[in-house]
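Chemist: First the structure, which I've put down as structure tokens, then a few questions once you've had a look.
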Amino acid sequence: MEKTRSYTARTENELKFDFTDFDTLHEDEWDEKSIGRLDEPMWDKRYDYEARLITEAILYKHNIKTVLELGSGPGILSQKIQKDNPNLTYHLVDKEYAKKYFDDNNFEGKMFVKDLSTGFDTSGLLDNYDLIITNDFLEHVLNPSGIARATYDITHKDSKWLVSNPNWRMGHQYVYRGLFDFDNLVYFMHVHGFSIMDCFASSLKIAPLEQIKKAAPKLASESQLPDSMLDSWNHYMLFKRREIEKYGTRN
Ligand SMILES: C[S@@+](CC[C@H](N)C(=O)[O-])C[C@H]1O[C@@H](n2cnc3c(N)ncnc32)[C@H](O)[C@@H]1O
């Protein structure tokens, strides 16, 4: 460890970046140079798995008719979901090049270009949605609280929110390291008006579970994380909306 460093690091990635390097501030995501990942079979399988999970565990169970996906990328997951659920109203928000791919491929649904790096201007969207999806998105933005606050205002009492975020053990890089530890994210969502209902592992594993348990055991901030999700590439967490008082509970 460098003598001058004054913080701990869980992964090498935490030593590499300043916030100006974060993708969220750059317009070139999903341009010709970075779009290639969509052709990788691993990603296609991942979206297949996610579409099945969302369809079976959420859409069918909770009578979902309207969906908003934030930080959707070019929309591959949305097409897989709509293939099996053609009557959904499906809206997506991402950056310019993601929309270009979406439009060039005549994808179903409607994509909006908005800058979500520090907040979320909801103009042009529906008054509310039955389901919000943020699939590996919240950990990228500089103001997740701003996103969560605005999102609350476009949900109704029965809305659900599926938050997926990478297991920190895979070396992902975060603006707010620790916020996405399982218990902390449950707390973050709670104070923004959403209670956890369920959680799911991904189809991809980081490494054998025994190896993970030794090399990167559970943290105190992961007490609620099911053991079976310790080696899961992603953590999928389903939240339901709860009523919060406009002026909180300060009185
Ligand atoms: C890790 S990718 C996830 C993409 C997709 N949900 C998936 O699972 O493949 C994060 C996404 O958030 C989008 N994003 C990041 N910062 C953004 C911003 N400031 N405004 C709009 N979208 C943003 C990126 O363009 C990208 O599509």
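The values are calculated or read from the model by the stated rules, or taken from the named source; none is laboratory data. No experiment lies behind these values; they were computed from the predicted model shown. Cβ placement follows ideal geometry from the backbone for every residue including glycine, while neighbour counts extend to all protein chains displayed.
Chemist: Starting from the stretch 93-109, keep only residues that are more than 17 Å from LYS83 (Cβ to Cβ) and within 14 Å of the ligand (Cβ to nearest atom), then list their pairs with residues that are among the hydrophobic types (A, V, I, L, M, F, W, C) and assigned to a helix (DSSP H, G or I) whose Cβ atoms are within a distance under 7 Å, requiring at least 6 positions of separation or different chains.
Modeler: Once the first residue is more than 17 Å from LYS83 (Cβ to Cβ) and within 14 Å of the ligand (Cβ to nearest atom) and sits in the stretch 93-109, its partners that are among the hydrophobic types (A, V, I, L, M, F, W, C) and assigned to a helix (DSSP H, G or I) give TYR101/ILE35.
Chemist: Could you check, for the stretch 120-128, whether at least one of its residues is charged (D, E, K, R), under 17 Å from the mean Cα position of the chain (by Cα) and surrounded by fewer than 17 Cβ atoms within 10 Å (Cβ to Cβ)?
Modeler: Checked against the condition, which is being charged (D, E, K, R), under 17 Å from the mean Cα position of the chain (by Cα) and surrounded by fewer than 17 Cβ atoms within 10 Å (Cβ to Cβ), the stretch 120-128 yields no hits at all.
Chemist: Let me ask something else. Could we say that LYS95 is buried (at least 22 other Cβ atoms within 10 Å of the Cβ) and of a type in the set (Lys, Arg) here?
Modeler: Criteria met by LYS95.
Chemist: Moving to a separate point now. Tell me, yes or no, whether the stretch 242-251 has at least one residue that is without any contact (Cβ under 8 Å) to a residue 60 or more places away in the chain and not in a loop (DSSP other than H, G, I, E, B).
Modeler: Checked against the condition, which is being without any contact (Cβ under 8 Å) to a residue 60 or more places away in the chain and not in a loop (DSSP other than H, G, I, E, B), the stretch 242-251 yields no hits at all.
Chemist: Here's something else I'd like to know. Which of the residues that make up the stretch 12-43 are within 16 Å of the ligand (Cβ to nearest atom), surrounded by 12 or more Cβ atoms within 10 Å (Cβ to Cβ) and not hydrophobic (A, V, I, L, M, F, W, C)?
Modeler: If the condition is that a residue be within 16 Å of the ligand (Cβ to nearest atom), surrounded by 12 or more Cβ atoms within 10 Å (Cβ to Cβ) and not hydrophobic (A, V, I, L, M, F, W, C), then ASN13, ASP23, THR24, HIS26, ASP28, GLU29, ASP31, SER34 are the ones that fit.
Chemist: Would you confirm whether or not the stretch 200-214 contains a residue that is loosely packed, with under 15 Cβ neighbours inside 10 Å, farther than 28 Å from LYS16 by Cβ and of a type in the set (Lys, Arg)?
Modeler: no
Chemist: Are any of the residues in the stretch 158-179 hydrophobic (A, V, I, L, M, F, W, C), under 16 Å from TYR236 (Cα atoms), surrounded by fewer than 22 Cβ atoms within 10 Å (Cβ to Cβ) and within 15 Å of the ligand (Cβ to nearest atom)?
Modeler: First, pick out the residues of the stretch 158-179 that are hydrophobic (A, V, I, L, M, F, W, C): 161-163, 168, 170, 175, 179.
Imposing the further condition that a residue be under 16 Å from TYR236 (Cα atoms) reduces the set to 161-163, 168, 170, 179.
With surrounded by fewer than 22 Cβ atoms within 10 Å (Cβ to Cβ) added as a condition, the list becomes 170, 179.
Then keep just the ones that are within 15 Å of the ligand (Cβ to nearest atom); that gives 170.
Yes - at least one qualifying residue is present in the stretch 158-179.
Chemist: Just need a number here: residues in the stretch 99-114 that are out of contact with any helix residue (DSSP H, G or I) (no Cβ under 9 Å at 6 or more places or on another chain) and either closer than 23 Å to TYR174 by Cα or assigned to a loop (DSSP other than H, G, I, E, B) (or both).
Modeler: 2
Chemist: Among the residues of the stretch 25-45, are any modelled with pLDDT under 95, β-branched (Val, Ile, Thr), out of contact with any Asp or Glu (no Cβ under 7 Å at 6 or more places or on another chain) and assigned to a helix (DSSP H, G or I)?
Modeler: Looking for residues that are modelled with pLDDT under 95, β-branched (Val, Ile, Thr), out of contact with any Asp or Glu (no Cβ under 7 Å at 6 or more places or on another chain) and assigned to a helix (DSSP H, G or I), one finds at least one in the stretch 25-45, hence yes.
Chemist: Of the conditions (1) modelled with pLDDT of 95 or more; (2) surrounded by fewer than 17 Cβ atoms within 10 Å (Cβ to Cβ); (3) not in a loop (DSSP other than H, G, I, E, B), MET237 fails just one. Which one is it?
Modeler: Condition (2) is where MET237 drops out.
Chemist: Given the options THR155, THR134, name the one that is in contact (Cβ under 8 Å) with a residue 12 or more places away in the chain and away from the ligand (no atom under 12 Å from the Cβ).
Modeler: It is THR155.
Chemist: Report, ordered by the first and then the second residue, all pairs with beta carbons closer than 9 Å, sequence separation of six or more or different chains, a first member in the stretch 15-31 that is over 20 Å from SER72 (Cα atoms), and a second member that is loosely packed, with under 12 Cβ neighbours inside 10 Å.
Modeler: Pairs found: LEU15/GLU2; LEU15/ARG5.
Chemist: Continuing with the same structure: Considering only residues that are of a type in the set (Lys, Arg) and over 14 Å from LYS240 (Cα atoms), look in the stretch 146-203 and name the one that is modelled with the lowest pLDDT.
Modeler: Checking each candidate, the answer is ARG177.
Chemist: Taking the stretch 53-92 as the region of interest, how many residues are within 16 Å of the ligand (Cβ to nearest atom) and in a loop (DSSP other than H, G, I, E, B)?
Modeler: 5
Chemist: Sort out which residues of the stretch 59-82 are out of contact with any helix residue (DSSP H, G or I) (no Cβ under 9 Å at 6 or more places or on another chain) and either surrounded by 24 or more Cβ atoms within 10 Å (Cβ to Cβ) or among the aromatic types (Phe, Trp, Tyr) (or both), and write them in order of number.
Modeler: Selection gives TYR60 alone.
Chemist: Are any residues in the stretch 111-128 closer than 13 Å to THR24 by Cα and either touching a strand residue (DSSP E or B) at 6+ places or on another chain (Cβ under 6 Å) or of a type in the set (Gly, Ala, Ser) (or both), and if so, which ones?
Modeler: LYS114, SER117, GLY119
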